[in-house]
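**Student:** I have a structure I would like to understand better, so I am pasting it below and will then ask my questions one at a time.
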Amino acid sequence: MTANRFFLPQPTLPDSVLWIEGAEHHHLSRVARVRQGETIGLFDEEGRWYRAVVEKVALKKTLVRECGFRPVSLGRSVLRTETAALCAAFLVNHFWNP
């Protein structure tokens with residue numbers, strides 16, 4: 001069984017309903033062929049994971065209902081995708097170069 005996980009451009013609120021559009025909708029509806037009633041995984045740019053149920057698959061967008069937030073933490077700070085590469089390069093340089 002394949003895990004269907006899709007990217008959200010922004011964080012969502014618990015139990016919210018949202019539309020997935022664009023490339024993520026295409027992947028969800030055409031590639032993964034997710035249907036109404038199926039459970040999928042969603043994640044946002046800050047590393048939050050959500051569980052959602054597909055309510056409706058339309059021609060250009062998909063309606064999902066978020067039904068479970070799974071907190072994943074890196075500690076007190078949030079490592080964003082924009083700074084992750086810089087942070088990794090700094091750590092490699094710091095620990096492997098005298």
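**Student:** Against the conditions (1) within 11 Å of C67 (Cα to Cα); (2) of a type outside the set (A, V, I, L, M); (3) surrounded by 14 or more Cβ atoms within 10 Å (Cβ to Cβ); (4) over 13 Å from the mean Cα position of the chain (by Cα), where does H26 fall short? Just the number, please.
**Tutor:** Among (1) within 11 Å of C67 (Cα to Cα); (2) of a type outside the set (A, V, I, L, M); (3) surrounded by 14 or more Cβ atoms within 10 Å (Cβ to Cβ); (4) over 13 Å from the mean Cα position of the chain (by Cα), the lone unmet condition for H26 is (1).
**Student:** Listed residues C67, C87; which is at pLDDT below 85 and surrounded by 13 or more Cβ atoms within 10 Å (Cβ to Cβ)?
**Tutor:** The match here is C67.
The values are calculated or read from the model by the stated rules, or taken from the named source; none is laboratory data. For clarity, every value in this text was computed on a predicted model and none was experimentally measured. Quick reminder, even Gly has a Cβ in these numbers, built from the backbone with ideal geometry, and neighbours come from all protein chains shown.
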